Structure formats: C-alpha cells, structure tokens
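Below: the structure, in structure tokens.
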Amino acid sequence: LAVRFDSLALAAAEDRWTLAPGATVTLRDSAIALAGLTLTTTDGRSRITLGGAIPRAGPATVEGNLEALPLQDVWAVLQRDTAAVAGELSGTLRAAGTGGAPEIEASFSMRDAVFSEYRTPLVDGTVNYRDRRMTGTLNTWRAGERIVTVALDLPLDLAFHAVERRRLPGPITVRAQAVGVDLSLL
C-alpha cells in the first residue's frame, strides 16, 4: 500500500507547517518506506525531515533531522499550554535493524529553553539503544560551563511492535551531577 501526499498543512502555536509535495509512505511487510517527508515552516526557519524505512519484520534504516523546531509548536501538538515554554529543539535520529531488535541513535540540543520559571541557554544530549538497553547523557550549559550532567542506563524493550512489558528486569542507573543550578524546574 502506497500513499502519496499532494499537500498537508499543520497550524501550530508559532508557525504554519507544510509538507513537501510528493511525499510518499509505502507499507510493506518488512518495513514502512518513507520518501520525501519534509515539513517546513512557511518562513523556512524550521524543518523536520524523515527518510528511509521504519523496520518491521525485516531489516531497514530510517533517519530523521530536526532543525530549529519551536518548543511552543511541540507543546501545541501535545495539547499543552504554550504560554510557559519557549526555545527551539534541533537533533538527529537514526534507527536501524529490525522492528523486534532496533538499534537507535539520537542526539539533540535545545537553545534558549524556558519551562515556566526555569531558563537555560543550552541543553544537549545523546540517546543510544541496542540489545534492549537504553543509555544516554543530558547536559545543561550556562555561559560555556556545564552545570548539570545526567547519565542513564535503562533496561527497556523498544521494539516497534506491541510487547508484554517495555520495562525489563535489570538494574536502572541514573546519575546526576549539578553545580550552581536553579532547581525551579523540579
């Protein structure tokens, strides 16, 4: 089954997003193929791209990219109050393998983030998933100095299909270190 999009528009809190003409989603037994999926704001400042194939039964690779996605737009899509957030999100995503055993790599950064009273000029991080374990780091920066570091190691099953339990047996490790950080976010 193949679906080709002539046009698609999304009105969010900050922007109007449009899908590039000719984007195609093809459903196959082994994967969901994505071609030409690019959402762009009307001013061209923000962009979301997704391409490749989402693995299902067989092996596949999908890659995505976010460029300057306004956090207010994310909150609007999640149907949350957009008045208390600001900033922008950028990042990359790559998922490969099969739907039952994906391998995922992601990196992200948030610039000029505001969540109610909490403000930070830069947050960045990485997340990796393979062999049913998620590892990652998150860093908060202010004036070029790292003020918060969080490292995690979690036993999870992130298969792209229904599973009995997402949380698996095994140790959960979360380590955080903070120096001179505003705790209003907590």
Q.
Of the residues Gly44, Gly51, only one is without any contact (Cβ under 8 Å) to a residue 24 or more places away in the chain and assigned to a strand (DSSP E or B); which?
A. Gly51
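Within the group Gly36, Gly51, which residue is at pLDDT 95 or above, within 20 Å of Asp6 (Cα to Cα) and either in contact with a Lys or Arg (Cβ under 6 Å, 6 or more places away or on another chain) or surrounded by fewer than 17 Cβ atoms within 10 Å (Cβ to Cβ) (or both)?
It is Gly51.
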Q. Is it true that Gly100 is modelled with pLDDT of 95 or more, of a type in the set (Gly, Ala, Ser) and open to solvent by less than 50 Å² (accessible area, probe 1.4 Å)?
A. no
Q. Only one residue in Ala68, Ala57 is among the aliphatic types (A, V, I, L, M), surrounded by fewer than 18 Cβ atoms within 10 Å (Cβ to Cβ) and assigned to a loop (DSSP other than H, G, I, E, B). Which one?
A. Ala57
Q) Restricting region 73-93 to residues that are polar (S, T, N, Q) and modelled with pLDDT under 95, which is surrounded by the fewest Cβ atoms within 10 Å (Cβ to Cβ)? A) Gln79
Q. Can you name the residue in region 112-138 that is open to solvent by 30 Å² or more (accessible area, probe 1.4 Å) and closer than 13 Å to Val85 by Cβ and, of all such residues, is modelled with the highest pLDDT?
A. Asp112
Q. Looking at this structure, is Thr49 closer than 28 Å to Gly99 by Cα, more than 18 Å from the chain's Cα centre (by Cα) and among the hydroxyl-bearing types (Ser, Thr, Tyr)?
A. no
Q | Identity of the residue in region 158-174, in a loop (DSSP other than H, G, I, E, B) and among the basic types (Lys, Arg), that ends up least open to solvent (accessible area, probe 1.4 Å) | A | Arg166
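The values are calculated or read from the model by the stated rules, or taken from the named source; none is laboratory data. No experiment lies behind these values; they were computed from the predicted model shown. Using ideal geometry, Cβ is built from the backbone for each residue, glycine included, and neighbour counts are taken over all protein chains shown. The protein model used for the area step is the full one, side chains on, heavy atoms only, and it has no ligands, DNA or RNA in it. Shrake-Rupley method; radii C 1.70, N 1.55, O 1.52, S 1.80 Å.
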